[in-house]
Amino acid sequence: MSQHWSLVYEGFDPEDEGLREALCALGNGYFVTRGAACHARADGVHYPGTYFAGGYNRLKTEIAGREVENEDLVNMPNWLSLGFRIEDGAWFDLRTVEILSYRQALEIDQGLLCRDVRFADDQGRITRLSEKRFVHMDDPHVCALELVVTAENWSGSLEICSELDGSVTNGGVARYRALNGKHLEYVESSELDEESVYLKVRTNQSRVEVALAARTRVFRDHERVHPLRELVDEEARIAHRFQVTMHPEASIIIEKMVVLYTSRDHAISEAGLEAREHLGRLGSFGEAFDAHCRAWMHLWHQFDMEMICCLDGQARHPTLILRLHIFHLLQSVSLNTRELDVGVPARGWHGEAYRGHVFWDELFIFPLLNLRMPEITRSLLRYRYRRLDQAREAAADAGFAGAMFPWQSGSNGREETQHLHLNPRSGRWNPDNTHLQRHVSADIAYNVWQYHQVTAEQEFMAFYGAEILLEVARFMESLASYNAELDRFEIRGVMGPDEYHDAYPGATALGIDNNAYTNVMAVWVLMRAREALDTLPELRRKELCDKIGLSDSEIARWEQITCKMRICFHGDGIISQFEGYDQLEEFDWAGYRERYGDIHRLDRILEAEGDTANRYKLSKQADVLMLFYLFSQPELRVIFERLGYPFSDEMVVKNVAYYLDRTSHGSTLSGVVHAWVMADSDRAHSWKLFTHALMSDVSDVQGGTTPEGIHLGAMAGTVDIVQRSLTGIQTRDDVLWVSPRLPKEVSKLHQDLRYRGHALAITITHEKLCIDVRPGGAAPIKIGVKGKVYTIGAGESREFRFD
């Protein structure tokens, strides 16, 4: 394969280990295991976590004088554990030996993590270690580890301990450690045969049983050896210990094959039985690895892209980082996800940050999946559909109609946003009011519509998507109240995507009024809900309206709101982030940068000072500018003109400049949005923001957050900048619009996409655009280029030259 496929680290750095463990995590959409060394335990440097997709559990804790309940993504039993010691010495620890060489490489194309270490102990004995591992992409229940140990200048006994450890707790996020983190209880364990052990645990609230079976074999000179084994069976931990004799320049190979099941898996009798039987069917490490590699090869055929860049002085090529981002997306959600009842978590399944909850990050993730593997999007949207009744109940409890989806979602769709949030700067627990981000329901409706635009799948819209759209429309309609004095509808008491403003300065009431993003999204949802109704077959439309009790009078009110929703402005055409934004104080950006350096999280800095972000014109991330990220200018012009407000290209440029100057980029998503919205007006600045966003996780730009879990929305969002922003791809009005805007740093971009049943190859240079529709049986599609619409069928090609 071509270059830029390996993420390599030279040397061991304890301070950097947490970051490496997150970035070198391996997964398959069913579970993810962090990239900790096989000998490591959670000790302040290492954190060998394993997490099942949707593996949640709820626990209560006494905090600040009140009892709080949190639902967490559970750290499951550690299957990696493979320790060793020479003679009767201490068990191997990198921090107690002299490291002669150390190299760690994540082979992105194969989903393989390699670690090579050469060290000398206090007796002068030199040993080489070579570790390889993978989490099987084709067989989602399987993972494997191979460790080669070579004695360079010594002979003697090597003792090995291969363990399954169910005594682990949740402790991967420092600010959560005051909370109850013991989620697992021991069920049973046993020795299966001389090479294999078995362990079952259970989450103590959600009652999910988790079963692991492990087989450990030893090879010398390609022949199996059978050392005498000692069984160590303690509660929640079971291991085989054995000794082998080593000679100078001789090696042994230790192969550990592991199978994992949970009681929520489909087509099983019982999790433990399935794990034991599956282990009995497993072949060798090499045989499993071959099948695993084939699965990754097929994924890369659909997700890889060719971007030829003219760059100077960059340590890591953008193509490598883009592939790393795709890699982690596919480890979090893959074809293995299709049969699971899970959403897509903001931080992947890579750690305990945000407790594995599902936020609005789908907005940044689904566009990439829609145009590559929409089957995954469909599954993730059904996660939302299955929780529609819970969203209806939440809306009713809050005094609204329709469906109010939670800002943070987990197992069953209840609102999982914590009541209290720890500010690590001040050490204080403060109220968390982010549940007021009512826009999340509109964001979900947006995702439904965009999936439909790309796939034109009528069955999904008829039986799932339309019902979500209609119930969210009802909710947005019920949020709006009529102001007779202004003859406008308003939405009050909410929080926008900015997240820094949860109330007006000095106010006791929570929320702000007429957030522009929320109000425009409400209008858009109401328009699309009506359109979705019109696209349904007559019989299905009647059935659905009867099922949910949708009346003509409700639809008539929708029409009113879409013509009279209030949007606030100030200055010369600046869309006010919310009503009264212009009355807030300007912030001393220069002074705070000089005082603190890193001011990404101004909310925490200000709270520690006894101040509040509510007083200032500042944002954590894009808010108004999200409108320019989600919608084309023609789409926004239709909405604004329908409402009786002006809209122009010049207005977009002014708003981008205004809000970019007032944003702290406290979220990794912020760079993605700003790079996108700058692409038309300032491609050089856009490229700079894009390359900075690319480094969000690789360089841990937020100073310690990536070790707790990757930022999946930012990862997918940067890839989508290449996929849709550089290409100018938009899917609207049943047309695939392509309007390339390559920066000077990119000379060529090629990618393979899927659109309405067709496989498309799109190649762009600064001189021309080539679109090839692969042979197939789908109906012809419409492609829009330079303002004209062309009909193209299977097996046809079009070339467009740029003047």
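The values are calculated or read from the model by the stated rules, or taken from the named source; none is laboratory data. Not measured: the values here are computed from a predicted model. Every residue, glycine among them, receives a Cβ derived from its backbone with ideal geometry; neighbour counts consider all protein chains shown. SASA here: full protein model, heavy atoms, side chains in, ligands and nucleic acids out. Shrake-Rupley method; radii C 1.70, N 1.55, O 1.52, S 1.80 Å.
When region 93-107 is filtered for residues that are more than 20 Å from residue 7 (Cβ to Cβ), of a type in the set (D, E, K, R) and assigned to a strand (DSSP E or B), only 98 remains. Selection within region 374-425: residues that are hydroxyl-bearing (Ser, Thr, Tyr) and not in a loop (DSSP other than H, G, I, E, B). The member of this set that is surrounded by the fewest Cβ atoms within 10 Å (Cβ to Cβ) is 385. For residue 275, the conditions (1) farther than 18 Å from residue 134 by Cβ; (2) in contact with a helix residue (DSSP H, G or I) (Cβ under 7 Å, 6 or more places away or on another chain) are fulfilled apart from (2). Pairs are defined by a Cβ separation below 9 Å, a sequence spacing of at least 6 or placement on different chains, a first member in region 731-754 that is closer than 17 Å to residue 367 by Cβ and part of a strand (DSSP E or B), and a second member that is modelled with pLDDT of 95 or more and of a type in the set (Asp, Glu); the pairs so defined are 732/635; 751/304; 752/304.
Residue 440 passes every criterion in (1) aliphatic (A, V, I, L, M); (2) part of a loop (DSSP other than H, G, I, E, B); (3) surrounded by 20 or more Cβ atoms within 10 Å (Cβ to Cβ) apart from (2). Check region 344-353 and report whether any residue there is in contact with a strand residue (DSSP E or B) (Cβ under 8 Å, 6 or more places away or on another chain), open to solvent by 10 Å² or more (accessible area, probe 1.4 Å), closer than 24 Å to residue 140 by Cα and of a type in the set (Gly, Ala, Ser). No, region 344-353 has no match at all. A single member of 699, 686 is open to solvent by 10 Å² or more (accessible area, probe 1.4 Å), hydroxyl-bearing (Ser, Thr, Tyr) and farther than 29 Å from residue 423 by Cα, and it is 686.
Screening residue 614 with (1) closer than 30 Å to residue 448 by Cβ; (2) assigned to a helix (DSSP H, G or I); (3) among the polar types (S, T, N, Q) gives one miss only, at (1). Restricting the first member to region 665-677 and to residues that are within 9 Å of residue 600 (Cβ to Cβ), and the second to residues that are among the basic types (Lys, Arg) and open to solvent by 10 Å² or more (accessible area, probe 1.4 Å), the beta-carbon pairs closer than 6 Å and six or more apart or on different chains are 666/601; 666/620; 667/620.
Scanning region 54-71 for residues that are in a loop (DSSP other than H, G, I, E, B) and either aromatic (Phe, Trp, Tyr) or crowded, with 21+ Cβ neighbours inside 10 Å (or both) yields 54, 55. Please work out if residue 517 is surrounded by 24 or more Cβ atoms within 10 Å (Cβ to Cβ) and either part of a loop (DSSP other than H, G, I, E, B) or among the aromatic types (Phe, Trp, Tyr) (or both). So residue 517 fits the description; yes.
Only one entry of 473, 529 meets the criterion of being open to solvent by less than 10 Å² (accessible area, probe 1.4 Å), under 20 Å from residue 398 (Cα atoms) and touching a Leu at 6+ places or on another chain (Cβ under 9 Å), and that entry is 473. Collect the residues in region 702-727 that are within 27 Å of residue 628 (Cβ to Cβ) and either open to solvent by 10 Å² or more (accessible area, probe 1.4 Å) or not hydrophobic (A, V, I, L, M, F, W, C) (or both), keeping them in residue-number order. Correct list: 702, 705, 711, 713, 717, 718, 720, 723, 724, 725, 726, 727. Identify, please: which residue in region 190-231 is over 34 Å from the mean Cα position of the chain (by Cα) and over 30 Å from residue 248 (Cβ atoms) and is, among those, least open to solvent (accessible area, probe 1.4 Å)? The residue in question is 196. For region 245-303, the set of residues classified as of a type in the set (Val, Ile, Thr) and either assigned to a helix (DSSP H, G or I) or within 27 Å of residue 375 (Cα to Cα) (or both) consists of 259, 262, 268, listed by residue number. Within region 6-53, track down each residue that is open to solvent by less than 10 Å² (accessible area, probe 1.4 Å) and of a type in the set (Gly, Ala, Ser). Once the filter is applied, which keeps residues that are open to solvent by less than 10 Å² (accessible area, probe 1.4 Å) and of a type in the set (Gly, Ala, Ser), region 6-53 yields 22, 25, 27, 29, 35, 36, 37, 40, 49. Out of all the residues in region 621-635, is one or more outside any helix (DSSP H, G or I), open to solvent by 20 Å² or more (accessible area, probe 1.4 Å) and of a type outside the set (Gly, Ala, Ser)? The answer is no, given that none of the residues of region 621-635 is outside any helix (DSSP H, G or I), open to solvent by 20 Å² or more (accessible area, probe 1.4 Å) and of a type outside the set (Gly, Ala, Ser).
Pairs meeting the criteria (first residue in region 458-472 and among the charged types (D, E, K, R), second residue open to solvent by 10 Å² or more (accessible area, probe 1.4 Å), beta carbons under 7 Å, at least 6 apart or on different chains) are 467/548; 471/392; 471/402; 471/548. For region 552-602, a residue qualifies if it is open to solvent by 20 Å² or more (accessible area, probe 1.4 Å), at pLDDT below 95, over 18 Å from residue 640 (Cβ atoms) and in a loop (DSSP other than H, G, I, E, B), and the qualifying residues are 597, 598, 600, 601.
Picking from residues in region 76-111 that are of a type in the set (A, V, I, L, M) and open to solvent by 10 Å² or more (accessible area, probe 1.4 Å), the one that is farthest from residue 214 (Cα to Cα) is 100.
Restricting the first member to region 605-630 and to residues that are modelled with pLDDT of 95 or more and acidic (Asp, Glu), and the second to residues that are open to solvent by less than 10 Å² (accessible area, probe 1.4 Å) and part of a helix (DSSP H, G or I), the beta-carbon pairs closer than 7 Å and six or more apart or on different chains are 623/517. Among the candidates 670, 681, the residue that is within 24 Å of residue 581 (Cβ to Cβ) and open to solvent by less than 10 Å² (accessible area, probe 1.4 Å) is uniquely 670. Scanning region 524-551 for residues that are assigned to a helix (DSSP H, G or I), out of contact with any Cys (no Cβ under 9 Å at 6 or more places or on another chain) and either among the hydroxyl-bearing types (Ser, Thr, Tyr) or within 12 Å of residue 473 (Cβ to Cβ) (or both) yields 524, 525, 526, 527, 528, 529, 530, 531, 532, 535, 548.
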